[in-house]
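The structure appears right after this line, and notes come after that.
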Amino acid sequence: MSESYDVVIIGGGPGGYNCAIRAGQLGLKTACVEMRETLGGTCLNVGCIPSKALLHASELYETAAKDFEGFGIRTGELSFDLKTMMGRKDEAVAGLTKGVAGLLKKNKVDHIRGKGRIAGKGEVVVEDADGKTQTLKTKHIVIATGSEVTPLPGVEIDEKRVVSSTGALSLEKVPGKLVLIGAGVIGLELGSVWRRLGAEVTVVEYLDRILPGMDGEIAKQAQKIFAKQGMSFKLGRKVTGVSEGAGGQLSVATEAAAGGSEEVLEADTVLVCIGRRPYTEGLGLETVGIETDRRGFIANDHWQTGAENVWVVGDCTHGAMLAHKAEDEGVACAERIAGKAGHVNYNAIPGVVYTNPEIASVGQTEEQLKAAGRAYKVGKFPFLANSRARANHETDGLVKVLADAKTDEVLGVHMIGKGVGEMIAEAALALEFRAASEDIARTSHPHPTMTEAIRQAAMGVEGWTMQA
Ligand code: FAD
Ligand code: NAI
């Protein structure tokens, strides 16, 4: 049987399901095809949500173990039950994925289970788990198939001992020694989880810095803090292979990025986290004449691909691989399909690393401004001088505001500190409204809060910081 739609979306992650909901709201007859058992994509099933659940639980544990005493709180002997912790995580995932199914239903979107494939103009073939196929006729197709782990040649992922983020979110016991390949977002977040629960964590990073793409000064501070917490960093090194010894111990062979200086690290578990790549396998792109670039991304112009009425959003097209970016694109794409003016401001998409302290950023980094030859001013404020941070004994970190030297427009805001992931939305709004640093400096901020550090950093742009 063939069903006829206005829009068929392939992929039910943040890009796909938000596109589907918006299309439904705009009165378009919509279907969302998802091959996974549940909706929500990488983010809800094996990404943002389970990782944050484990980060929260492990942080509570570490806080109780290390900080309670200083506040005069006695707990007796502290221990944790990994199974319960994992159960809580699974509960959050199950609740949220069900919630997405409910939202699709509410907005009259058909949720079609199976692997979707484009079969020419206006046609999507869906094959379900039993191999049964159905053909959907549609005016528009949206590709929202997301991304997958980038493999590392010579290192085979078995999701038990050599794991990707997916395996690292479900380990059955705390590894004695955990080696991370890649000091990016996944490595630092999941490395923090397992370190807090007792693993000895070593990070091997190809570059001579952690968190490439983040503001260099903030990344340097982060590395210092994580090293103090017990993570060990091997920068400027690459992994050349992982092998299992007679006793079952893993050996991770490394050498300097430029070659030579070999060193072998022992590990119980190895986490491969060197980035993600677009997932477009078996999608039938050739049937509509779409070619991917060298790295597998599908190019777009306002989410339109080169093929008529075929659109693309989320991780499988260019830009930051972030859930909210995928979501914003999904909504804007549905609006464009409906003939409206969908828009995404790529300059105001925040990024957060959910470690403790958190790292958050929006807009341009100092390195990017320098490379572009843009004249800018800087204002900074350390949490050490913030009253709430002092009261809470959470003084690591700073806020940095970058503004145009002439117009004072805020160009970038970068922070490291307790809970800054919640604070960065204020800076994103400032960029969205093209605020001047003076606008932030003259906006009343509640006292005593950590957000006052943003205001003080903005005051610092013109040199009239009050509290430092
Ligand atoms: P996805 O979420 O990958 O969804 C694509 C969906 O399409 C999948 O469900 C897949 O099964 C389905 N699919 C693929 N091909 C087909 C097909 N042919 N037919 C049917 N279905 C198909 N981002 C953040 O912003 N914040 C975070 O805290 C964060 N944490 C993360 C933690 C981890 C461990 C990981 C791995 C990622 C994290 N991300 C985070 C990134 C975030 O998960 C992605 O950017 C986001 O999920 C991208 O959304 P998407 O819709 O483009 O793709
Ligand atoms: P990443 O791109 O953040 O970091 C990968 C790191 O691995 C980089 O530092 C890179 O230099 C290094 N690397 C690359 N090849 C290497 C090699 N051969 N040997 C050693 N190091 C090597 O990628 P990651 O951490 O895998 O995350 C993937 C994506 O998921 C990110 O793009 C991120 O956007 C998203 N994500 C977002 C989160 C968030 O928003 N909080 C959380 C987790 C993931």
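Taken together, the values in this text are just the output of simple stated rules run on the coordinates, not laboratory data. Note that the structure is a prediction, hence the values are computed from the model and not measured. Cβ: placed from backbone, ideal geometry, glycine included. Neighbour counts: every protein chain shown.
A few remarks follow.
- Our compactness index for the chain, the C-alpha radius of gyration over the empirical 2.2 N^0.38 Å, is 1.04.
- Per residue, the convex hull spanned by the Cα atoms of the stretch 81-217 measures out at 212 cubic angstrom.
- Estimated [θ] at 222 nm from DSSP helical runs (n ≥ 4, -39500 (n - 2.57)) normalised by residues in the chain, nearest 500: -9500 deg cm²/dmol
- With contacts taken as Cα pairs under 8 Å and at least 6 residues apart, the stretch 295-381 reaches a relative contact order of 15 percent.
- Estimated distance in nm for a label pair at LYS108 and ALA375, the labels positioned 7 Å out from Cα along Cα-to-Cβ: 5.7 nm
- Calculated from the alpha-carbon coordinates, the stretch 172-289 shows an Rg and a Dmax of 16.5, 54 Å respectively.
- If a spin label sat at a point 7 angstrom from the Cα of ASN345 along the line to its beta carbon, the backbone N atoms of the stretch 359-399 nearer than 14 Å would be those of 362-364.
- Full extension of the chain between GLU172 and LYS83 yields a length gain of 31.3 nm, computed as 0.36 nm times the residue separation minus the alpha carbon distance.
- q = 0.13, 0.32 Å⁻¹, the stretch 243-292: log10 I(q)/I(0) [Debye, one scatterer per Cα]: -0.59, -1.14
- Taking each of LYS121/LYS160; LYS83/LYS108; LYS370/LYS418; LYS89/LYS325 in turn, the alpha-carbon distance tops 31 angstrom for LYS121/LYS160; LYS83/LYS108.
- Mean sequence separation of contacting Cα pairs (under 8 Å, at least six apart), scaled by the length of the chain, corresponds to a relative contact order of 15 percent.
- Förster-model FRET efficiency, 60 Å R0, ALA405 and ASP130, C-beta, rounded to 0.05: 0.40
- Relative contact order, percent, the stretch 10-161 [alpha-carbon distance under 8 Å, six or more residues apart]: 32 percent
- Backbone amide hydrogens, once placed in the peptide plane, bring TRP311 within less than 5 Å of ILE141, VAL142, ILE143, THR305, excluding anything fewer than 5 places away on its chain.
- Among the listed pairs LYS139/LYS340; LYS340/LYS406; LYS52/LYS380, those with a Cα-Cα distance over 24 Å are LYS340/LYS406; LYS52/LYS380.
- With Rh defined as the Kirkwood radius, the inverse of the mean 1/r over Cα pairs, the Rg/Rh of the stretch 384-431 is 1.05.
- Annotation for GLU255 and ASP293: the two label points, set 7 Å from Cα along the Cα-Cβ direction, are 3.1 nm apart.
- Sparse-neighbour loop sites [trypsin sites (Lys or Arg not before Pro); the stretch 418-468; at most 16 other C-beta within 10 Å; DSSP]: ARG434, ARG442
- Ranked by how many other beta carbons lie within 10 Å on average, peptides 371-381, 214-224 from highest: 214-224, 371-381
- Computed about the Cα centre, the dipole magnitude for the stretch 272-368 is approximately 80 debye when only Lys and Arg (+1) and Asp and Glu (-1) carry charge, each at its Cβ.
- Peptides 130-140, 315-325 ranked from most to least packed by the mean count of surrounding Cβ atoms within 10 Å: 315-325, 130-140.
- Virtual spin-label span in nm between SER4 and GLU244, 7 Å along Cα→Cβ: 5.6 nm
- Solvent-free Debye calculation, one equal scatterer per alpha-carbon of the stretch 10-95: log10 I(q)/I(0) at 0.15 Å⁻¹ equals -0.68.
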